[in-house]
Structures are given as C-alpha cells and as structure tokens.
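Let me begin by presenting the structure, written as structure tokens, before commenting on it.
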Amino acid sequence: MSPGWWYCYLIALSLLAWLVDSRREAKFNCTLTANYYDCLFRDVVIRSELEADSIFFGVQNFNDTSIAFRDSSMVVLPKKIFETFPAIQYLSSDACHIQKLLGGTFANAQRLQELHLYDNRISRLNNFVFNGALQLEILSLYNNTIKLVEEHAFDGLGHLRLLYMDENQLEKLPEGLFSGLEELQILELQHNRIREIGEDQFVLCVMLRELNLSANQISTFNMTQLQSLNKLETLDIARNYLDEVFVTKYVRTLNAQENQISRIVIDQGDFFQLTHLNLSRNNIANINNIFKFRNLIELDVSYNELVTLDFVIFAFMKNLKDIKLNNNRLWILDNGIPSPAKSLRSLNLAHNKFLYLDLAVLDTFPALEYIYLHGNDLIDMQIEEIEQHFPYLTLVSCDNNDWDCINLMHIVTLLERAYVKWSNGNRNCTRPEQHRLICCTSAEHHLREKIVRLTREIYKSRKMIKQLIMENAELRSEVEMQYLPGDGS
C-alpha cells in the first residue's frame, strides 16, 4: 500500500473514533446536600443541543424533588433532567449560561412547581414552550436577554402565581400574553424597554396583587383596565413617560414618580384603600381631588409644579403621618381644616418659594414633630405660642434661606426656648453676616419686603376668617359639610 493510502486510513480511523466518542453519554453525578436541595449537580457542560440529548444524570429517581445546577455551562436546559427525576418539584438553573428553552423540554415536568432560570442568556420564549409544567407556580426569568415573547408562551400555566421577568429587553407585550394566568398574583416587568401596554393587557389577571412596570419606556397605558382588579394592592409605574395616572379604589400602594404626569384621575366612588402615594418628580400643579384618599398614610408630591395649597384636602385623612411637598413652587399656604388633624408627624416644605410663613397656618396639626423649611427664600417667619400649638415639635429646619438677621435671631430664640432644633445640620455660611452659621442680611430687600408684607396681610386675613367661622357654630357646621374642594381631576 502506498503511504498516501495509509495516511487516509489513519484519518478515517481518527474520525470514526471521534464520532463514537461524541455519541457516548456524558455522565454527571449529583451531590447530596443537607440544607437546600435533594440533589446538586456541579460543573455540567452542555455545548450543543445534540449533547443535551445524550447526557446522563443517573438512573431514574422518584424520590428527589428539589434539584439544582451550580457552576455549570449549558446552552440549553436538558429535558433529561425531568426524565431522570419525574417527581421533581423545584429546579434551580440560574447563572448557567442557558441560551434557549427548547420545545418539549417540560414534557415530563408534570409535578414541577418552582422553576428558577434567572441570570442566564435566554433571548426569546416561543409559543407553548412550558407545555407539560401544569403545576408550575413560581417562574423566575429575570436578568436574561429576553427580547421576544410569543403570545402563547405561557399557555398551560394556569396555576402560575409568581412571574418574574424584570431586567430583560422586552419591547412589546402581546395582547393575550397573560390571558391564561388566572391565578397570577405577582408580576414583575420592571427594567425592560416596554413602550406600550395593550388596552386589555391585564384584565384577565383577576388574582393579581402586585404589578411592577417601573423603569420602562411606557407612554401609552389605559390604566382604567385595572378597575376590575379588586385584588391589586401594589402598583409601580415609576420612571416611565406617562402623562396621567389613574387611581383605582383597591390599590393600596401606588408608586408613580419620575413620569410626566400632569393629571390625577380617580376611580368612581368615595371609598379608596390607598395608603401610600408617591407622585414625586412629575408636572403636577393641582392635587385637590386626592381628598377622597381617606386612608392615606404617606404622600409624596415633591418635585412638582404646585404653587399654592389648601390643607383642607387632608381633612379626612385620619391616618396621614408624612407629607412631602418639597421642591415645588409653593409661596403661600392655606388651611381650611375646622378641627385638629392629630396624625401628621412630618411636613416637608423645603426648597419652595416661601418669602414669609406664619406657622399658625399649621396649628390644626398639633402632633407635628418635623417641619422642614430649608432651601426657601424666607425673610421672616411668624411664630406664636409654639409650645401650645405644637407640643411635640422637635425640628424646624431654617438653613439656607434669605433671612433678615434681626428676624432670624428672634426666630432662633423662640425655637430654642421651646427646645426645638432650628437646623438640620446644613449650617455652612461663611459670609460676614450670619447668625449661628446661618446666612442672613441686614440690607433692605425693597420689593421682596413688600411681598413679605403683602403675604403677612394675606395670612392675617385668612386667620380672621377662620376664627369667625370657628366662633359661629351654624357656619362651622356648613363648612364642615361643604368645605372640601370639588373633584377637579
């Protein structure tokens, strides 16, 4: 035989040996763990779909129900794991570099209840991809690269309660994507690229309790579709591009900060369960219609466009403890509340446009502990009988204003006599004119002084009107029935 023939013969033998070796089953043994899993697989490597079909996880095992992969690299989730462990209820395959979920993977996963596939590289979910996982209740797919989800991807998951798809690359949600998830209670979709929510996207998720759509790019969302979801307690739509917000009767916590909201629309009826409302960093100039939120505990309307405010809108909020109104354009306050509201503890009015403030406007909030006024343009402030009106007051922050030095010294003296702190620690004035490291000036303010005098007269007039109402029982009764602002949504 010629040397060339021998050379070809040796190559053929090598190729045959490689093919035989590639068809040999890769064997992986599980490690028993004491705490978390019945069986733990480490260092599993699956480079192709072909390798996934030839992998061997041991003899069939009906006893182990919780399985996990760690320190592994698998291009697909192997369906043989369900063939080997037909009683599996819990599977954790997070951070395993999985790129695909193949059709038929879950054909033998009839008892699977919890599936964790987060921190992988899955890029799409095809129709019926979870077929077979009829008992699945928890599905974690967060922090993948999912960009496309077909409309029937979740078909057959009628028992699913928790679905985590946050931190992916979703741009669109098919209209009927969640229509079969009648038991779904928690849906996490934050940190995606969703631009639009369909008209009936969530209407069939009748058991939904928590919905998180924050940090997307949503500009279109007809939120009235949430009216029928009487179990929905927590809604997060923060950091989107919405220009209005709709508040249902059932939601308890609503987080809508960092949008472009200029309009608050509320559901029909008078009873709302809302306790926590965050509307900060929007374009809101009017919050009069929130007076119906009688169960409110915390309200944040900071960084908006409010210019004036009547505290009468808080009259029926018997549990309200914290109001954040900082970083608006407020310059005058009114208070039409005819009787004390004893729940409020903290009021933040910092970084507004106040030149003058009469603290008596807050005397219907006797339980106040903290009043934040730093960062305004205050020249003067009226304080009378502070210990009588505010027996629990511990702080009135006066830093970074435009104080007249004589006024400031008087204010600080009165606060110190009442054992009230007058600085929140931002005393950093280095100018020659200052009092206790808070900047002030002795020069005339001219036009600004005129505005202060005018504002002072406005406060006096309103105080006189309020006193007359309080002294006239018949008029007071009428006010108590009719004083609330109209529903100017």
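It is to be established whether one or more residues within segment 123-131 are farther than 26 Å from residue 151 by Cα and either part of a helix (DSSP H, G or I) or in contact with an Asp or Glu (Cβ under 7 Å, 6 or more places away or on another chain) (or both).
No.
In this structure, is residue 253 within 28 Å of residue 228 (Cβ to Cβ), polar (S, T, N, Q), open to solvent by 20 Å² or more (accessible area, probe 1.4 Å) and in contact with a His (Cβ under 8 Å, 6 or more places away or on another chain)?
yes
In segment 106-150, which residue that is surrounded by fewer than 19 Cβ atoms within 10 Å (Cβ to Cβ) and touching a strand residue (DSSP E or B) at 6+ places or on another chain (Cβ under 6 Å) is farthest from residue 60 (Cα to Cα)?
Ranking the candidates gives 148 first.
For the condition buried (at least 17 other Cβ atoms within 10 Å of the Cβ) and at pLDDT below 95, what is the one hit in 41, 56, 62?
Only one candidate qualifies: 41.
Among all residue pairs at least 6 apart or on different chains, which show Cβ distances below 6 Å where the first residue, located in segment 51-75, is of a type in the set (D, E, K, R) and the second is surrounded by 18 or more Cβ atoms within 10 Å (Cβ to Cβ)?
Listed pairs, sorted by first residue: 64/38; 64/39; 64/85.
Might you let me know whether segment 192-210 holds any residue that is under 13 Å from the mean Cα position of the chain (by Cα) and of a type outside the set (Asp, Glu)?
Checking segment 192-210: not a single residue is under 13 Å from the mean Cα position of the chain (by Cα) and of a type outside the set (Asp, Glu).
In the list 243, 236, which residue meets the criterion of being surrounded by fewer than 16 Cβ atoms within 10 Å (Cβ to Cβ), modelled with pLDDT of 95 or more and touching a Ser or Thr at 6+ places or on another chain (Cβ under 9 Å)?
Among 243, 236, only 243 is surrounded by fewer than 16 Cβ atoms within 10 Å (Cβ to Cβ), modelled with pLDDT of 95 or more and touching a Ser or Thr at 6+ places or on another chain (Cβ under 9 Å).
Scan segment 151-182 for residues that are over 17 Å from residue 133 (Cα atoms) and open to solvent by 60 Å² or more (accessible area, probe 1.4 Å) and jot them down.
151, 167, 171, 172, 175
Filter the helices (runs of 4 or more DSSP H) completely within segment 377-489 down to those with at least 1 residues that are at pLDDT 85 or above.
386-389, 405-417
Residue-wise test of (1) of a type in the set (A, V, I, L, M, F, W, C); (2) within 23 Å of residue 303 (Cα to Cα); (3) touching a Ser or Thr at 6+ places or on another chain (Cβ under 9 Å); (4) free of Cβ contacts under 8 Å to residues at least 24 places away in the same chain.
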site: 380; (1), (2), (3), (4): no, no, no, no
site: 389; (1), (2), (3), (4): no, no, no, no
site: 397; (1), (2), (3), (4): no, yes, yes, no
site: 400; (1), (2), (3), (4): no, yes, no, no
site: 403; (1), (2), (3), (4): yes, no, yes, no
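Please tell me if residue 139 is outside any loop (DSSP other than H, G, I, E, B) and within 27 Å of the chain's Cα centre (by Cα).
It is true that residue 139 is outside any loop (DSSP other than H, G, I, E, B) and within 27 Å of the chain's Cα centre (by Cα).
Among (1) of a type in the set (Ser, Thr, Tyr); (2) open to solvent by 30 Å² or more (accessible area, probe 1.4 Å); (3) on the phi < 0 side of the Ramachandran plot, there is one condition residue 275 misses while meeting the rest; what is its number?
(2)
Where residues in segment 361-388 are in contact with a Pro (Cβ under 9 Å, 6 or more places away or on another chain) and surrounded by 19 or more Cβ atoms within 10 Å (Cβ to Cβ), which of them is nearest to residue 410 (Cα to Cα)?
363
For segment 82-105, which residues satisfy the criterion of being open to solvent by 10 Å² or more (accessible area, probe 1.4 Å) and assigned to a helix (DSSP H, G or I)?
83, 84
The values are calculated or read from the model by the stated rules, or taken from the named source; none is laboratory data. Just so it is clear, the model here is predicted, and its values are computed rather than measured. So basically every Cβ, Gly included, is an ideal-geometry build from the backbone, and we count neighbours across all protein chains shown. With ligands, DNA and RNA removed, areas are computed over all heavy atoms of the protein, side chains included. Shrake-Rupley method; radii C 1.70, N 1.55, O 1.52, S 1.80 Å.
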